[in-house]
Amino acid sequence: MNNLYADKHDLVVRAATPADLDSVLAFWKVAAEGTSISDDRDGVERLVARDPQALILAESDGVLAGTVIAGFDGWRCHLYRLAVHPDRRRRGVGSALLAAAEERFVRLGGRRGDAMVLDRNELAQHAWRAAGYGPEPQWSRWVKPLTD
């Protein structure tokens with residue numbers, strides 16, 4: 001993953017490594033809205049082992065500033081866990097992460113990105129709209145937990 005955004009935003013944008021996972025999980029507790037059933041060491045380890053480029057980090061001076069998961073299953077492009085540290089919001093971190101994710105998708109042959117955005121998270125909705133994403137009211141997310 002190249003680092004097109006380092007000069008523009010004083011950021012290093014890169015793929016996560018296994019050594020980053022504990023700090024990512026701690027970061028999500030501060031910067032992400034809500035938690036997911038997959039927000040544990042095992043879940044994130046599986047993600048990085050299966051697709052080492054999917055978890056994208058933005059760092060400033062070696063400190064984690066933001067994350068996004070850019071998952072591609074060979075057919076669809078899925079975005080999860082776009083999270084920016086509260087002290088770094090509105091400074092281009094989210095935009096840099098989304099640009100890196102979208103470039104990844106294009107390289108892989110993806111045609112459209114979709115994002116998981118909580119209905120109650122108005123701040124996130126504003127950010128996603130500003131990035132060119134919009135809700136599709138004809139769709140609902142249906143889920144079934146596969147474990148207890």
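Tabulated data for the structure shown
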quantity	calculated
Matching strands (runs of 3 or more DSSP E) fully within the stretch 43-148 where at least 3 residues are out of contact with any Phe, Trp or Tyr (no Cβ under 7 Å at 6 or more places or on another chain)	55-60, 63-72, 77-84
Qualifying residue in the stretch 108-122 (condition: under 20 Å from Ala16 (Cβ atoms) and open to solvent by 90 Å² or more (accessible area, probe 1.4 Å))	no
Hits in the stretch 129-138 - residues which are aromatic (Phe, Trp, Tyr) and in contact (Cβ under 8 Å) with a residue 24 or more places away in the chain	none
Candidate set: the stretch 71-107, residues that are hydrophobic (A, V, I, L, M, F, W, C) and in contact with a helix residue (DSSP H, G or I) (Cβ under 8 Å, 6 or more places away or on another chain); chosen: the one surrounded by the fewest Cβ atoms within 10 Å (Cβ to Cβ)	Phe72
Test result for Arg81, out of contact with any strand residue (DSSP E or B) (no Cβ under 7 Å at 6 or more places or on another chain) and modelled with pLDDT under 95	no
Matching option when the condition is closer than 14 Å to Ala16 by Cα and open to solvent by 70 Å² or more (accessible area, probe 1.4 Å), among Glu45, Glu59, Glu33	Glu45
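The values are calculated or read from the model by the stated rules, or taken from the named source; none is laboratory data. This one's a predicted model, so the numbers in the text were calculated from it and none came from an experiment. Quick reminder, even Gly has a Cβ in these numbers, built from the backbone with ideal geometry, and neighbours come from all protein chains shown. Protein only, heavy atoms only, side chains kept; ligands, DNA and RNA dropped before computing areas. Shrake-Rupley method; radii C 1.70, N 1.55, O 1.52, S 1.80 Å.
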